[in-house]
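S.K.: This is the structure I want to talk about, given as structure tokens.
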């Protein structure tokens, strides 16, 4: 929980870096970068979290639609209230709401990635 | 369905200057009474005000404002009573009929109340939320341009526990908390003595612990229930009663807190 006195963490701008990365400039001066794959792998929706908690199915057979699917890409990133973003993916998945705190924790910049190791 | 209902995008309400959510963690603390009287007190301070009943399962605004069920095919909404613009599920559904809906339908109804009702120019739109931290609350925090939230509690610990949860929900979704109101705070008998029927001071302590403003306490008066049941809120019928004065003071404090909170900045989007 943020203190009443301190300015809460907030993005100032979102932009794309090339075709495979999202950049967020935060109000504390930090610049985050993420690959879209990283964000999709950390989708916080109940379905995806449930999937993460399951052991991998060794007998899973790919569907033809999965084999022919285009590379993963977002089709929309929209603010949700004052607290997060919803990413709509090109495979139709759209149920994950990434809170600002979650987004910040997923930052893949060199400094943050070092802290996570 | 309105596009906002599907996308979760923020609803634009350019004619409405301030949207105030009145919430509680627990049912039965008098949240609808506070919402109705606060709306009227703001109106009595010469502001155009609307009152939206977001309690889809248990709407209270029709009884409290003395409005019978209406024919939605022939009635233009919102309706007006005591100078307030009003919308409630209770205007559409017969009081004896239960609304048995899952979350997505509640989401749709609440969104439509915001988008499809011609609220016009309002200084304040007061939203009476259902108790708890469920679908209606999520829809409003995700889509409505909320200026702030007021948490209503009664003084005793069993109510405060749930009030803390409501408060934490608004914190997590970053809706400014305007403060806490302690309802049913005390009773002054004919002997002039004060009785703290449900204990006293819990709301003030909760506000201090949470670092949010304490907006005031509303005394108990049997006429509050009588006025609610007869469809004329106490601040309108008895504006100079102790409760009426408490609501008018609450309206003034809420206006001050809204000014202090300022406009919440929208999150930036991403261009595609």
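The values are calculated or read from the model by the stated rules, or taken from the named source; none is laboratory data. None of these values were measured; they are calculated from a predicted model. Cβ placement follows ideal geometry from the backbone for every residue including glycine, while neighbour counts extend to all protein chains displayed.
S.K.: Looking at B:58, B:25, which is the one that is more than 14 Å from chain A (Cβ to nearest Cβ), modelled with pLDDT under 95 and either farther than 22 Å from residue B:254 by Cα or in a helix (DSSP H, G or I) (or both)?
M.R.: Exactly one residue qualifies, and that residue is B:58.
A quick yes/no check of all residues on (1) free of Cβ contacts under 8 Å to residues at least 40 places away in the same chain; (2) within 14 Å of chain A (Cβ to nearest Cβ); (3) surrounded by 15 or more Cβ atoms within 10 Å (Cβ to Cβ):
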residue: B:211; (1), (2), (3): yes, yes, no
residue: B:215; (1), (2), (3): no, no, yes
residue: B:218; (1), (2), (3): no, no, yes
residue: B:222; (1), (2), (3): yes, no, no
residue: B:234; (1), (2), (3): no, no, yes
residue: B:240; (1), (2), (3): yes, no, no
residue: B:251; (1), (2), (3): no, no, yes
residue: B:255; (1), (2), (3): no, no, yes
residue: B:266; (1), (2), (3): no, yes, no
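S.K.: Only one residue in B:168, B:232, B:226, B:256 is outside any strand (DSSP E or B) and farther than 21 Å from residue B:37 by Cβ. Which one?
M.R.: B:168
S.K.: Please identify the pairs in which a residue from region A:64-78 that is part of a helix (DSSP H, G or I) has its Cβ atom under 9 Å from the Cβ atom of a residue that is surrounded by 10 or more Cβ atoms within 10 Å (Cβ to Cβ), counting only partners at least 6 apart or on another chain.
M.R.: Partner pairs satisfying both residue conditions: A:65/A:91; A:66/A:91.
S.K.: Another question about this same structure. Could you please give the count of residues in region B:78-92 that are without any contact (Cβ under 8 Å) to a residue 40 or more places away in the chain and either farther than 20 Å from residue B:36 by Cα or crowded, with 20+ Cβ neighbours inside 10 Å (or both)?
M.R.: Qualifying residue count, region B:78-92: 7.
S.K.: Still on this model: Would you say residue B:102 is closer than 18 Å to residue A:80 by Cβ and without any contact (Cβ under 8 Å) to a residue 60 or more places away in the chain?
M.R.: no
S.K.: Still on this model: Whether any residue in region A:29-38 is within 11 Å of chain B (Cβ to nearest Cβ) and assigned to a loop (DSSP other than H, G, I, E, B) is what I want to check.
M.R.: Taking every residue of region A:29-38 in turn, none turns out to be within 11 Å of chain B (Cβ to nearest Cβ) and assigned to a loop (DSSP other than H, G, I, E, B).
S.K.: Please go through (1) within 12 Å of another protein chain (Cβ to nearest Cβ); (2) touching a residue at least 40 places away in the same chain (Cβ under 8 Å); (3) crowded, with 17+ Cβ neighbours inside 10 Å for residue A:43 and return the number of the only condition it doesn't satisfy.
M.R.: (1)
Residue by residue, here is whether (1) part of a loop (DSSP other than H, G, I, E, B); (2) over 28 Å from residue B:166 (Cα atoms); (3) away from chain A (no Cβ under 14 Å); (4) in contact with a helix residue (DSSP H, G or I) (Cβ under 6 Å, 6 or more places away or on another chain) holds:
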{"position": "B:71", "(1), (2), (3), (4)": "yes, yes, yes, no"}
{"position": "B:85", "(1), (2), (3), (4)": "no, no, yes, no"}
{"position": "B:107", "(1), (2), (3), (4)": "no, no, no, yes"}
{"position": "B:114", "(1), (2), (3), (4)": "no, no, no, no"}
{"position": "B:127", "(1), (2), (3), (4)": "no, no, yes, no"}
{"position": "B:130", "(1), (2), (3), (4)": "yes, no, yes, yes"}
{"position": "B:141", "(1), (2), (3), (4)": "no, no, no, no"}
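S.K.: Name the residues in region B:56-77 that are within 17 Å of the chain's Cα centre (by Cα), touching a residue at least 40 places away in the same chain (Cβ under 8 Å) and within 20 Å of residue B:235 (Cβ to Cβ), would you?
M.R.: Within region B:56-77, B:60, B:61, B:63, B:64, B:65 qualify.
S.K.: Do you know which residues across region B:28-45 are at pLDDT below 95 and over 23 Å from residue B:170 (Cα atoms)?
M.R.: none
S.K.: Something else: Just the residues that are on the phi < 0 side of the Ramachandran plot, in a loop (DSSP other than H, G, I, E, B) and more than 13 Å from the chain's Cα centre (by Cα), please, taken from region B:28-55.
M.R.: Of everything in region B:28-55, those that are on the phi < 0 side of the Ramachandran plot, in a loop (DSSP other than H, G, I, E, B) and more than 13 Å from the chain's Cα centre (by Cα) turn out to be B:45, B:47, B:48.
One line per residue, one yes/no per condition, for (1) modelled with pLDDT of 90 or more; (2) within 30 Å of residue B:144 (Cβ to Cβ); (3) exposed (fewer than 10 other Cβ atoms within 10 Å of the Cβ):
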{"residue": "A:24", "(1), (2), (3)": "yes, yes, no"}
{"residue": "A:28", "(1), (2), (3)": "yes, yes, no"}
{"residue": "A:51", "(1), (2), (3)": "no, no, no"}
{"residue": "A:63", "(1), (2), (3)": "no, no, yes"}
{"residue": "A:75", "(1), (2), (3)": "yes, yes, no"}
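S.K.: May I pose another question? Report, by residue number, each residue of region A:84-117 that is part of a helix (DSSP H, G or I) and under 11 Å from residue A:44 (Cα atoms).
M.R.: Scanning region A:84-117 gives A:102, A:103.
S.K.: Against the condition closer than 19 Å to residue B:170 by Cβ and at pLDDT 90 or above, how does residue B:128 come out, does it pass?
M.R.: Yes: the conditions hold for residue B:128.
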